[in-house]
Amino acid sequence: MEPKILWEPDSDFIKNTNLAEFVEWLSENKGLDFVVSENARENVENYKNIWKWSVEKLEDFWESIYEFFEVKSYSSYKAVLDERKMPGAKWFEGATLNYAEHAFLKAGEGEAVVYVREDGLRRVFSWSELERQTAAFAAWLKEMGVKKGDRVVAYCSQVPEAVVALLATASIGAIWAAVGGEVAPRAVIDRFKQLDPKVLIASDGHFYNGREFNKLEDIKTVVHGIPSLERVVLVPNLYESHDLKLNIPVHYWQEAVDRREKLTFEPLPFDHPLWVLYTSGTTGIPKPIVHGHGGITVEIFKGSFHMDFKEGDRFLWYSPPSWMMWNTVVSGLLAGATIVFYDGSPLYNFLQPLWQLCEKEKLNIFGTSAPFLHGCMKFGFEPGSQYDLSSVRMIGSTAAPLSPEGFEWVYKKVKEDVWLNSASGGTDVMTGFVGGCPILPVWSGELQCRWLGTKVEAYNIEGRPVINEVGELVVELPMPSMPLYFWNDRDYSWYKESYFSMFPNVWWHGDWLMITDRGSAIIFGRSDSTIKRKGVRMGTLDFYKVVEGLNEVINSLVVEVKGRIFLFVVLAHGLELTEELKEKINKTLRENLGAYFVADYIIQVPDIPMTLNYKKLEVPIKKILLGWEVHKAVNLDSIMNPDAVFKVVEAAKPYTEQMEED
C-alpha cells in the first residue's frame, strides 16, 4: 500500500527549481529530451529516466555538471573518468581549479556569513569583508611558512572566523581539518595528531545550554599533545583579553587579518586534497577521510539539484564543525547563498532557538537532525503557531531516519506548505546517497529519490539489487566525492577494509535500505545493529518507530545480546517503569513487529548515549554487554554524553549477570 503523500510542489515551485533549469539546459545543449512536468506525480517516472541516464552515462552526466555550472579551471581535462573503478578512480585528470575560488564567484553586496550566539550576540560578515579577511589570512599563513599540502586545523565553535580560515587555507592549497569546541581534548588530539598540522586556529570558548565554556585549558592540552604545531591563532569569542601561555607562539585573530591583500587562488589538480573529515571514532581511531578540491566542488554543485539552494537564499543547517553538514553549509557560498550559523544548544530554552532563527533571520533553507525534530514532537512543541515561518521553503532532516510520525508532525505542527527534505548519506562522501528532490511528492516516512549520478542499490544476501525489499545499501559506481584516500593509508588497505570487504568492487555503506518501485527510499538503520530472531531480521529503526510512538517513551535504544533483546527507555518526566508499562510496550511491539520482537528486558535509563553527530550507540553498547571492556568498545571522548554509557551498562548489569547464570 502506497504511503500518504504529505506535500506536492506546485507548478511554479517545480519550474523554478535548479533541476528543471538543468533539464532545459540538457535539451538545448546536449539534445537530451528529458521531461519535467508541472505535475509532481508525473515526475515520478520522469525523474527515474533522468536518474537512469545519470548513472548509465556516468561520464556524460558529470561532464554536464562541469559545463552547466561553469566550473572554473585553469587547464583542460583529458577525460572525465579514467576508469570505473573503486577505489582509485581518477576524475577530470588534467583540470586545475580551486574550491575557494568558486565560493566567491557569486559574491554579492549583502550578507555572506551570519553568526548568532546562544546569548543573542549577532555578527555579520558581508561578502566584501569575507573576501578581505580571507585574503588577509591567506597572506598571513604564507608569511608563517604554510605552503601547499601543509595542514591547518581548527578547534572551535561555529564562529565565522572558521569559515574565513577554511577558505584561506584552501586558497593557498593547504589542507583543512576542523573539530568542534564541544569535543574533548583527547579526541581532538586523536584526530589532529595523525595529520602533523602546522597551525591551530582555536576559539576561546562558547555558550551551550545556558553555560559558558572556557576552552583555554583544553587548548593547552591539545597543543601539548600535537608536537608538529608551530603556532596557534586564538579567536576571541567569549573574552576580550587572554593570558594564554604556550611553548609556541600565540597570535590573535585580529593580528592575522589586520591588513589589505589581494585574494588569489592557487590552481590545483582536481584531486588535490581540500580537507580531512573524520568518522565518529566511537569504536576506535577516527578514520581521516581526505576529499579533493574538484570532487567536492562538482558534488556540491550537483547537490544543489537535491537541496535547491539558490543565489540569495538564507541557509542554516545546524551542525558543529565536527560534522560534514558544517562543510555543506559553508559550501552554500558556491551558490551565492547567505550562510547562517547558530552557536549554542538547539535544546536551550525549551527547543526554541532554531525556530526563532527561522523567523528572525528569514531562513529559506533550515536543516537539522531527525532526533531534534523527534524531540520537538515529543515535547508537544508547535513551532508553526509560535513563529513566522513564511520564509522557510525547505526543512532538511538527516543524522538518523525520520519516522513517519515525524514527517506528519512537520506538516501538522510546523508548516503545511513546506518541502521536507529527509536525506541519508555519509561523511565518507560528503554528500547524500538518497534524499530530497524538489520536483517530486513527499511520501510519509520516505526519502524521495536516489541522488543523481549515484548508483545506489539495495543488495540482497546474494549481492543482487532488489526493489521493494530491504537490503544492504551499496554504491556500484564511483562518485567524484568519494575519499581520495584515508590519511596515511596510501595503499588503500584501511579504505578497502572499510567499504569493500562485503561485496567485491562495490561500496558497502552498512545501512539497511529499501528502494521502492516509485524510486523513493527508506532507511532502516545500521545493518551491523540489526536484530535477528529465529532467522527473521528487523532494523532498529522499526523498534524506535513503535516504542517512541508511545506517549510515555521519550527515547530508546535496542540491542540484541546472545539472542535476548535489551530495550532501554527514557520515560517522560516523572514516570517510572512499571510492570504495566512494560506489558504495554511489549504488547505494542507484538502488534506492530510480531511476537519474535518483544523485548526480553525493558530497562529504564536517564539518557541514551549518542555520538557527536546524534547517532545512537547501538554497536558499542552491544559489545559492552557481551563482555568487552568499555574503553575497548567505545572511545568515550567521541561521545556526546559519556556518562550515559555507564548508566546504561549499570542498569543492564543485573540482567547480563542473570544471563550468565542461565
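Just so it is clear, none of the values below were taken in a lab; they were calculated from the coordinates. In this text, all values refer to a predicted model and were calculated from it rather than measured experimentally. A quick note on method: Cβ atoms are made from the backbone with ideal geometry, for glycine too, and the neighbour counts reach across all protein chains shown.
Kindly indicate which of Lys245, Lys220 is among the basic types (Lys, Arg) and either in contact (Cβ under 8 Å) with a residue 24 or more places away in the chain or under 17 Å from Ser322 (Cα atoms) (or both). Only one candidate passes the filter, namely Lys220.
I'm trying to understand the selection: among the residues of segment 417-437, which are under 23 Å from Lys287 (Cβ atoms) and not in a strand (DSSP E or B)? If the condition is that a residue be under 23 Å from Lys287 (Cβ atoms) and not in a strand (DSSP E or B), then Ala423, Thr427, Asp428, Val429, Met430 are the ones that fit.
Each residue in segment 310-359 was checked for being among the aromatic types (Phe, Trp, Tyr) and without any contact (Cβ under 8 Å) to a residue 60 or more places away in the chain, and 4 pass. Summed over segment 1-23, residues that are outside any loop (DSSP other than H, G, I, E, B) and either without any contact (Cβ under 8 Å) to a residue 12 or more places away in the chain or buried (at least 18 other Cβ atoms within 10 Å of the Cβ) (or both) total 11. Residues being surrounded by fewer than 14 Cβ atoms within 10 Å (Cβ to Cβ) and touching a Pro at 6+ places or on another chain (Cβ under 9 Å): count how many of those fall in segment 89-122. Here the count works out to 1. Scanning segment 29-48 for residues that are surrounded by fewer than 14 Cβ atoms within 10 Å (Cβ to Cβ) and either in a helix (DSSP H, G or I) or in contact (Cβ under 8 Å) with a residue 40 or more places away in the chain (or both) turns up Asn29, Arg41, Glu45. Considering segment 439-463, the residues that are assigned to a loop (DSSP other than H, G, I, E, B) and of a type in the set (Gly, Ala, Ser) include one that is surrounded by the fewest Cβ atoms within 10 Å (Cβ to Cβ), namely Gly463. When Val71, Val124, Val55 are checked against the criterion of being in a strand (DSSP E or B), at negative phi and among the β-branched types (Val, Ile, Thr), a single residue qualifies: Val124. Thr134 meets the conditions (1) surrounded by fewer than 18 Cβ atoms within 10 Å (Cβ to Cβ); (2) of a type outside the set (A, V, I, L, M); (3) assigned to a helix (DSSP H, G or I) in every case but one. The failed one is (1). For segment 527-580, the candidate set comprises residues that are of a type in the set (Ser, Thr, Tyr) and in a loop (DSSP other than H, G, I, E, B); within that set, the residue that is nearest to the chain's Cα centre (by Cα) is Thr530.
The one condition from (1) within 26 Å of Glu182 (Cβ to Cβ); (2) crowded, with 20+ Cβ neighbours inside 10 Å that Phe543 does not meet is (1).
A single member of Val298, Val276 is in a helix (DSSP H, G or I) and crowded, with 20+ Cβ neighbours inside 10 Å, and it is Val298. Checking the structure you have, find out if any residue of segment 382-391 is surrounded by fewer than 20 Cβ atoms within 10 Å (Cβ to Cβ), touching a residue at least 40 places away in the same chain (Cβ under 8 Å), within 27 Å of Glu359 (Cβ to Cβ) and touching a Phe, Trp or Tyr at 6+ places or on another chain (Cβ under 8 Å). Among the residues of segment 382-391, not one is surrounded by fewer than 20 Cβ atoms within 10 Å (Cβ to Cβ), touching a residue at least 40 places away in the same chain (Cβ under 8 Å), within 27 Å of Glu359 (Cβ to Cβ) and touching a Phe, Trp or Tyr at 6+ places or on another chain (Cβ under 8 Å), which makes the answer no.
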